[in-house]
1. For the stretch 56-78, enumerate the residues that are polar (S, T, N, Q) and open to solvent by less than 20 Å² (accessible area, probe 1.4 Å).
2. Among (1) among the hydrophobic types (A, V, I, L, M, F, W, C); (2) open to solvent by less than 30 Å² (accessible area, probe 1.4 Å); (3) in a loop (DSSP other than H, G, I, E, B), where does C53 come up short?
3. Say we look at the stretch 29-46 and pick out the residues that are open to solvent by 60 Å² or more (accessible area, probe 1.4 Å) and among the aliphatic types (A, V, I, L, M); which of these is nearest to the chain's Cα centre (by Cα)?
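The values are calculated or read from the model by the stated rules, or taken from the named source; none is laboratory data. Predicted, not measured: the structure shown is a model, and the values here were computed from it. In case anyone asks, the SASA skips ligands and DNA or RNA and just uses the protein heavy atoms, side chains included. Shrake-Rupley method; radii C 1.70, N 1.55, O 1.52, S 1.80 Å.
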Amino acid sequence: MKKGSCASLLCALVVVVVLANARVTEAVTCNPTELAPCLGAFQSGQAPSANCCNKVREQQPCFCGYIKNPNFSKYVNNPNTKKVVSACGVAYPKC
């Protein structure tokens, strides 16, 4: 491969990595209504849907805030919710 081609390829790779990292670090908007697809599973402990798991992963950084909020803690801090979160492959936070 020519020297110029390697430099161009390396430059393109660096841009892709930087853009991918920028996307990962975007701020999450904490909105408990985003967990609505999980409500049935949270109440019954049934297996979560794929949509529910996507929302759990998306809202994971917000869980401690929800747990500390008296309006939401009863929904988020219960055994069924912990089962659902675990079934989605997300670690339940220790706040």
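1. Answer for the stretch 56-78, where residues must be polar (S, T, N, Q) and open to solvent by less than 20 Å² (accessible area, probe 1.4 Å): just Q59.
2. (3)
3. Across the stretch 29-46, the extreme among qualifying residues is A36.
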